[in-house]
Amino acid sequence: MYRYDEFDHAFVSARVEQFKDQVERRLAGELTEEQFRPLRLMNGVYLQLHAYMLRVAVPYGTLSSRQMHKLAHIARRYDRGYGHFTTRQNIQYNWPALKDIPAVLDELASVEMHALQTSGNCIRNVTADHFAGAAADEVGDPRPYAEILRQWSSMHPEFSYLPRKFKIAVTGADRDRAAIQVHDIGLHLKKNEAGELGFAVYVGGGQGRTPMVAKKIRDFLPVEDLLTYTTAIVRVYNLNGRRDNKYKARIKILVHETGTEEITRQIEAEWQAIKETDLKLPQQDVDAIDTYFAPPNLVQRPEGWSGLAAARKADHAFSAWVDQNVTPHKNPDYGVVTISLKPIGGIPGDATDAQMDLVADIAEKFSYDEIRVSHEQNLVLPHVAIADLRIVYDLLLTDGLATANAGLITDIISCPGLDYCALATARSIPVAQRISERFGDPERQADIGELKLKISGCINACGHHHVGHIGILGVEKKGEELYQISLGGSGDEICTIGDITGRGFSSEEIVDAIETIVDRYLEIRTDKEETFLATYRRVGAAPFKDALYSEVANAA
Amino acid sequence: MSDIEQPAGELWGREGFREDPYVTAQTLEEAGDAPAVILPLGAWLGLTEETRNASNRKIGVLVAPGESIEPLLPILDSIPVIALQFPAFNDGRSYSKAELIKNQHHFKGELRAVGDVLIDQVAYMLRTGFDTMKVNHAVTLNRLAGHNLHDVPGYYQPGRGSHTVSGTYSWRRVPGA
Amino acid sequence: MSVKVLTANRLTDGEVVWLGANGEWLEHIDGALIARHAEAVNALEEAGKSAIKSNLVIDVNVIDVEERGTDLYPVRLRERIRQLGPTIRLDLGKQAEKPKAA
C-alpha cells in the first residue's frame, strides 16, 4: 500500500499544526463559531446531536494492521470504545471532545492518516473497489489511480470552494463494487483493444434528494490523461454549477440541466486546452505509485482445498460462512474474506476497539497485513489462504465477527440516523436491528439469497436507500417517524434508482411491510436462482404494491 | 493574535500592503478625472476601444462571480487590471477564472481578488494566479499584516509561485519562484 | 400545553446543555429556565445570542417542551434523544449516568 514520503509527512503535520492553532484560538474565544465552522469541517469535525463527531479518511478503504490498531487506540483513549465505519469507507468517532481532536489528528498522522477533506464543498475521500488488488475478476488495481487523485485533490487551490461536495469512485473490474455510477465522477479502469489501461468516465451520478445515474461521457480515457480530464470536469462544474440552491448544486443537476451532449462538449473543449500541460501523467510516475500497490508475494498454499472440504463437512456454520463471506481471489490458493459488521440485531458498521484490534492481529498474521473497509460497512481481509480460513473463522468467532451474511438481507447498510445525526429526520439503526432480527435465521436468509437492503434516516441518503434492492427512507411526518419503501434500486454496473412503492409506514409497521415484500418475492420467483432484483426487474412493482397495500389494508 | 489594524482601503500583494492607485466607480463619469479607475464589466464593455486604450488613464474591469469572462479573453492585452469579486468566501468560481485568465490566456496585467477573503484562502489565490487582494475581512487583514499565510510546505498541484522538485512526482511543487 | 426552554451544545466537548433558571448551563433538563409567554421566549432567544457571543456554547435553539408533573418532556423525538442519548445504546449518553443519590 502507499507509504508517505517526507513531502506527505510535512504536509499533514503542517495541517495538524494549523488546526491545533485554530482550536486554541476558538477555545480562547478569538475565533467565533461562524469563523471556526468552515475550518473544523475541513478537518472532518462535525457537531452532532450529543457531541462532536470526527470523520477520519480511509483512502480507498485500505488499511494496514498498524493503522487499524491506531483506530482502536483512538476509540479507547479519546472516544467511547467504538467507531462507526461508513458508506464512504471512512470511520467516524461519535464522542470526541474538541480540545482532544488535535491530539487525535497527531496520532493519526503518526500512522499516515488524516481527516482532511472528509467534509466541506471540496473533493472528498476517493473511494474504490474494496476487493481491489485481490478479486479474481479484476482487470487492474484501481488504487494507484485513487491515490494519484487523492494527492492531486488535497488542498487543491482551485477546487476547495466548489458549489457542493464532490465524490470520485474508481473500480477496476467489470463487476462494479464501488457504485461508481452514483458518484460525481465514476471511473471504470479497463483495457482497450490494444491492451492498454484507461478509464470509462461517468459524470453526474448521485443520490440525495434528486437521485441520478451518471452519464458515460467517455468510453476510454488513457491513463496519462487522468488528471487533465478530471481537472476539465471539475473546472466546468466549478464555473457553471448552481450556487443559488444547495439542493441543486451537485454536478448531477448541472449535467441534467445542461444536457449530456453539451456538458461533454464543454468538458472536452476545456480538456483540449489543458491536455498537454504539467498535469499529463508521465508513465514513470504512474509506475512509481503502482509499485506501492504491488500484490504481496503470496506463498503457495495448495494444501488448503482438501482440508477445507473436510472442515466444511464437519461444521455447517463454518461452511455457510465460507459460502457467503469468502470471494474468489486472483490466486486460487487464496480467498477474499468479508468480515461482517452486521451481527444479527447489531448496529451496522460499528466495531469496538477490541474488535478492531482483533481484526488488525488477524490481518497481520493471515492477510499480509492488509485490511479493507467496504462501502457496505464491512471489513475485508483481502489475502487469506484457503488453508487458513478455518483458523481465521475461529478467531473472528471469538468476538462476534463471523456472521455469515455478506450480501444477504441482514447485511444492511444504515446511516447513523436520528440516534446521532444532526441532519436526520428519523432513526434508521433501530429499524435495521429489527429487520435483522426478523430475518436472522441463517436458513431463512440463505433461502432468500442476495438482497441488498439499505436505510437512510433523511433525504440526504447516506444510507444509499435509492440503490437498495429494498430501500427505506425515514422521514418525520407530524412529529412521527415514517418510513418510505423503494424497490429495485441497484448500485452495481447495471445501476438503477429504486421506485417508491407508495405511502409510507410507521415504525411499528415497517418490519412487517418488509416481510410482506420478501414473502411475495419468495412466492413469485421462478426458482431459487432468480434473485430479488432479477424478479423485480422481470415483474415490476405491481405484485409488491399489491401485497403491501392490500394486505396492510386487510390487516387494519 | 495580532491587533494591528490595517485600513481596508489598502491593497495587499506578496510584497505587503500598498496604497491602491485605482478608484472603483460605476461609470467613467462618476470617476471624475481619477487617473486609474475600475468599472463593472457591463460598463467596461460599453466603452469604445478608443476610450479603453486612452493613454492618459488606466481603466480596469470588475467581474462578479456570475459574469462570464469570455468577452474579455480576446482583448486581455488592453486591460491593466481585472478584479474578480468574492462576495462570499465560499463562492469559488473566481479561482477557476483566475486559472483561465492567467494560465490559459496569459494575461499580463494585474489580477486582483476583491471581497470576503479568509486568511486560509490567500495562498490558494496566489497559486491560481491572483497578484493582489483587496480584502474586507478584519481577521484576514490582521493576519496578512502579520505575514502569516497559513500555507503548507508543499503542494500537490502545479501553480504560480511554486516550482518542481526533482526526485518526486510530476504534479508536486514547493513554494518559491 | 407546551412551553419553551433553551438548549445548546457546550463548546469544549459538545455536551448537550440547557439554560438553567439560575443562569448556568445545566447538563440535565431539570431546572431549565421555562418560558411560558412570548416575552419570555424573546428573553430566551436573547440569552442564546449572548451565550454564543461569550463562546460557551454552540448550536443554540429554543425548543418546545411539555410539563408532565415535575418533569420536562421535549416535544420532538430529536430533542428527547438529545436529552437521553442514542436509543440503541442505553449505555451511552446522559441516560447511562447513575441517578444521583437522594
Given the Cα-Cα distance of A:Asp137 and A:Arg301 and 0.36 nm per residue of separation, how much length would full extension add, in nm?
57.0 nm
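Give me the percent relative contact order of chain A, please, defined on Cα pairs under 8 angstrom at least 6 residues apart.
Working: 1189 pairs, mean separation 70.4, N = 556.
Taking the mean separation of contacting Cα pairs over the length of chain A, I get 13 percent.
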In nanometres, the difference between 0.36 nm per residue of separation and the alpha-carbon distance of B:Leu149 and B:Lys108 is 12.3 nm
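Please arrange A:Phe318, A:Phe366 by accessible surface area, largest first, computed with a 1.4 Å probe and ligands excluded. Walk me through the numbers before you get to the answer.
Details: A:Phe318 0, A:Phe366 30 Å².
Order by accessible area, largest first: A:Phe366, A:Phe318.
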What length, rounded to one decimal in nm, is gained on full extension from C:Thr12 through to C:Asp91, with 0.36 nm per residue of separation minus their alpha-carbon distance?
26.2 nm
³J(HN,Hα) across the stretch A:430-435 via Karplus (A = 6.51, B = -1.76, C = 1.60, θ = phi - 60°), whole Hz, x for Gly/Pro?
x, 5, 4, 5, 5, 5
Cβ neighbours within 10 Å, averaged per peptide: list A:267-277, A:234-244 in order, most packed at the top.
A:234-244, A:267-277
Skipping prolines and chain starts, which residues have an amide H placed within reach, meaning under 5 Å, of the one on A:Asp129, given they are 5 or more residues away or on another chain?
A:Val170, A:Gly172
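Average projected area of the Cα convex hull of the stretch C:2-96, in nm²?
Values: hull surface 24.0 nm².
Computing the convex hull of the Cα atoms and averaging its projections yields 6.0 nm².
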Could you estimate the translational diffusion coefficient of the stretch B:11-152 from the Stokes-Einstein equation, with Rh from the Kirkwood formula over C-alpha pairs, at 20 °C and 1.002 mPa s, in whole µm²/s?
139 µm²/s
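Listed highest first by mean packing, meaning other Cβ atoms within 10 Å per residue, what order do A:29-35, C:4-10, A:508-514, A:311-317 come in?
Working: A:29-35: 14.9, C:4-10: 22.3, A:508-514: 18.0, A:311-317: 12.9.
Ranking, from highest mean packing down: C:4-10, A:508-514, A:29-35, A:311-317.
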Stokes-Einstein translational diffusion, the protein assembly as shown - Kirkwood Rh over all Cα pairs, 0.890 mPa s, 25 °C, in µm²/s:
85 µm²/s
Could you tell me how far the Cα centroid of the stretch B:81-124 sits from the Cα centroid of the stretch A:388-436, in Å?
47 Å
Placed amide H near B:Val23: partners under 5 Å, 5+ positions off or other chain:
B:Ala36, B:Val37, B:Ile38
Can you give the FRET efficiency for A:Ala194 and A:Ala273, using 1/(1 + (r/R0)^6), R0 = 35 Å, r = Cβ-Cβ distance, to the nearest 0.05?
0.85
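For the stretch A:135-292, compute Rg over Rh where Rg is the Cα radius of gyration and Rh is the Kirkwood radius from the inverse mean 1/r over Cα pairs.
Working: Rg = 15.1 Å, Rh = 15.9 Å.
With Rh from the inverse mean 1/r over Cα pairs, Rg/Rh is 0.95.
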Rough spin-label spacing in nm, given labels placed 7 Å along Cα→Cβ, for A:Glu261 and A:Ser110
6.0 nm
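When the accessible area of the stretch A:135-292 is computed with all protein chains present and a 1.4 Å probe, what percentage of it is carbon and sulfur? Don't skip to the answer; put the middle values down first.
Numbers: 2430 of 5470 Å².
Carbon with sulfur: 45 percent of the solvent-accessible area.
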Read phi for every residue in the stretch A:117-129 and hand back ³J(HN,Hα) as whole Hz from Karplus 6.51 cos²θ - 1.76 cosθ + 1.60, θ = phi - 60°, with x for Gly and Pro.
6, 8, 7, x, 8, 9, 7, 7, 3, 7, 9, 8, 3
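Per DSSP H run of at least 4 residues, take -39500 (n - 2.57); add these up for chain B, divide by its residues and hand me the 222 nm value, nearest 500 deg cm²/dmol.
On the way: 5 runs with 34 residues, N = 177.
Helix-only estimate at 222 nm: -4500 deg cm²/dmol.
Quick check on the stretch A:6-110: take the gyration tensor over C-alpha atoms, sort the square-rooted eigenvalues as a ≥ b ≥ c, and tell me if it's rounded (a/c under 1.5), prolate or oblate. The partial results should precede the final answer.
Numbers: a/c = 1.79, a/b = 1.30, b/c = 1.38.
It comes out oblate by the Cα gyration axes.
How big a patch of accessible area, both sides summed and in Å² to the nearest 100, lies buried between A and B at a 1.4 Å probe?
Numbers: alone 22020 and 9470 Å², together 27900 Å².
Buried: approximately 3600 Å² between B and A.
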When the solvent-accessible surface of protein heavy atoms is calculated with a 1.4 angstrom probe, in what order do A:Asp369, C:Asp71, A:Asp411 fall, highest first?
C:Asp71, A:Asp369, A:Asp411
Return the average number of partner chain Cβ atoms within 10 angstrom of each residue Cβ along peptide A:187-200.
0
Of all accessible heavy-atom area on chain C, the percent that carbon and sulfur account for (1.4 Å)
52 percent
Two pseudo-spin positions, 7 Å from Cα along C-beta at C:Ala43 and at B:Glu50, lie apart in nanometres by 7.3 nm
Per-residue [θ]222 nm for chain A (sum of -39500 (n - 2.57) over DSSP H runs n ≥ 4, rounded to 500)
-11500 deg cm²/dmol
Ordered by residue, what ³J(HN,Hα) values in Hz, to whole numbers, does the stretch C:2-11 give under the Karplus form 6.51 cos²θ - 1.76 cosθ + 1.60, where θ = phi - 60° and Gly and Pro are x?
8, 10, 10, 9, 10, 10, 6, 10, 5, 4
With r defined as the distance between the Cβ atoms of A:Asp441 and A:Asp527 and R0 fixed at 22 Å, what FRET efficiency is calculated, to the nearest 0.05?
0.55
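How well do other chains shield peptide B:49-58, expressed as the mean number of their Cβ atoms within 10 Å of each residue Cβ?
Details: counts 0, 0, 0, 0, 0, 0, 0, 0, 0, 0.
Per residue, the number of nearby Cβ atoms from other chains is 0 on average.
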Per-residue average of other protein chain Cβ atoms inside 10 Å, peptide B:121-128 -> 3
Solvent-accessible area of A:Cys495 with every protein chain in place, 1.4 Å probe, in Å² to the nearest 10:
20 Å²
Check the straight Cα-Cα distances from A:Lys330 and name the lysines below 26 Å, setting aside those fewer than 8 residues away within the same chain.
A:Lys190, A:Lys191, A:Lys313, A:Lys365, A:Lys452
Interchain or sequence-distant (5+) residues whose placed amide H lies within less than 5 Å of the amide H of A:Leu47 are A:Met53
How far apart, in nm, are the 7 Å Cα→Cβ label points at B:Val23 and A:His9?
5.7 nm
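The values are calculated or read from the model by the stated rules, or taken from the named source; none is laboratory data. The shown structure was predicted, so the numbers you read here are calculated from the model rather than taken from an experiment. Virtual Cβ from ideal backbone geometry, glycine too; neighbours counted across all protein chains shown. When the accessible area is computed, the model is the full protein with side chains, heavy atoms only, and any ligands, DNA or RNA have been set aside. Shrake-Rupley method; radii C 1.70, N 1.55, O 1.52, S 1.80 Å.
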